1. Restricting to the stretch 40-58, what's the tally of residues that are surrounded by 15 or more Cβ atoms within 10 Å (Cβ to Cβ) and outside any helix (DSSP H, G or I)?
2. Before we move on, is LEU112 modelled with pLDDT of 95 or more, over 18 Å from LEU139 (Cβ atoms) and assigned by TED's automatic domain parsing to the domain that holds PHE172?
3. Can you tell me which of (1) touching a Ser or Thr at 6+ places or on another chain (Cβ under 8 Å); (2) crowded, with 19+ Cβ neighbours inside 10 Å; (3) of a type in the set (Val, Ile, Thr); (4) without any contact (Cβ under 8 Å) to a residue 60 or more places away in the chain is the one ILE126 doesn't meet?
4. Do we find that ALA107 is at pLDDT 95 or above, in a helix (DSSP H, G or I), closer than 27 Å to VAL21 by Cβ and of a type outside the set (Val, Ile, Thr) in this structure?
5. Can you find a residue that is touching a helix residue (DSSP H, G or I) at 6+ places or on another chain (Cβ under 8 Å) and loosely packed, with under 13 Cβ neighbours inside 10 Å anywhere in the stretch 90-103?
6. Would you mention how many residues in the stretch 129-184 are buried (at least 17 other Cβ atoms within 10 Å of the Cβ), of a type in the set (Gly, Ala, Ser) and farther than 22 Å from LEU104 by Cβ?
7. Given LEU79, LEU73, which one is in the same structural domain as ASN27 (by TED's automatic domain parsing), over 13 Å from LEU141 (Cβ atoms) and either touching a Gly at 6+ places or on another chain (Cβ under 7 Å) or in contact (Cβ under 8 Å) with a residue 40 or more places away in the chain (or both)?
8. Would you mention how many residues in the stretch 1-39 are surrounded by 11 or more Cβ atoms within 10 Å (Cβ to Cβ), outside any helix (DSSP H, G or I) and in contact (Cβ under 8 Å) with a residue 12 or more places away in the chain?
Amino acid sequence: MKFNIPNSLTITRILLIPLIVYLFLSNEESYRIIIFSLFLLATVTDYLDGFFARYMKQVTSFGEFLDPVADKLLVIITLILLTSENQDILFLIPVLIIVTREFLIIAIRQRLAEVGHSVKLSVLLISKIKTTIQLISLLLLLYKFPFFGIDVYQLGIHLLQIASLLTLISFFYYVKKSWNVIIK
């Protein structure tokens, strides 16, 4: 493993997760701003590690492996935390769609590796939009407090629902692209 700026940022993102979990589980409303800030910092490290890896030519195999793992951990763990305070079906269905998709994509990539196929599951524009909307929704859900009369939490739920629809669309693309290989 080579320590460079992108890999250090990815590891930082992973290390922020237990702190977010601890503060969230403390049930202190006053910690929500801190949790929001830590999640925002984690999302910024996601952008920055990709930026530094590409533009400073610091791409490593370790980083290519760990970056998506860090992203999935951050999103899935945050969604699990949020389900502890919201069991409404209009919240839970998007959560289940997003979490299920993440595990199924891992399974598809594992299957592709098993059969030794080099189908490249490249990131689509819709996937980038999905990720952006998903992260914004999680930020709003973590923030929770009304902002200039806007119900931030409800807006976060609506954005999560949109992100889950985009999640389904991008998932079907990945399945279509790899189907002939994964069913062998």
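1. The number of residues fulfilling the criteria is 1.
2. Here the answer is no, as LEU112 does not meet what is asked.
3. ILE126 satisfies every listed condition except (2).
4. Against the criterion (at pLDDT 95 or above, in a helix (DSSP H, G or I), closer than 27 Å to VAL21 by Cβ and of a type outside the set (Val, Ile, Thr)), ALA107 does not qualify.
5. yes
6. So the count comes out to 1.
7. LEU73
8. So the answer is 2.
The values are calculated or read from the model by the stated rules, or taken from the named source; none is laboratory data. In this text the structure is predicted, and so the values were computed from the model without any measurement. Cβ: placed from backbone, ideal geometry, glycine included. Neighbour counts: every protein chain shown.
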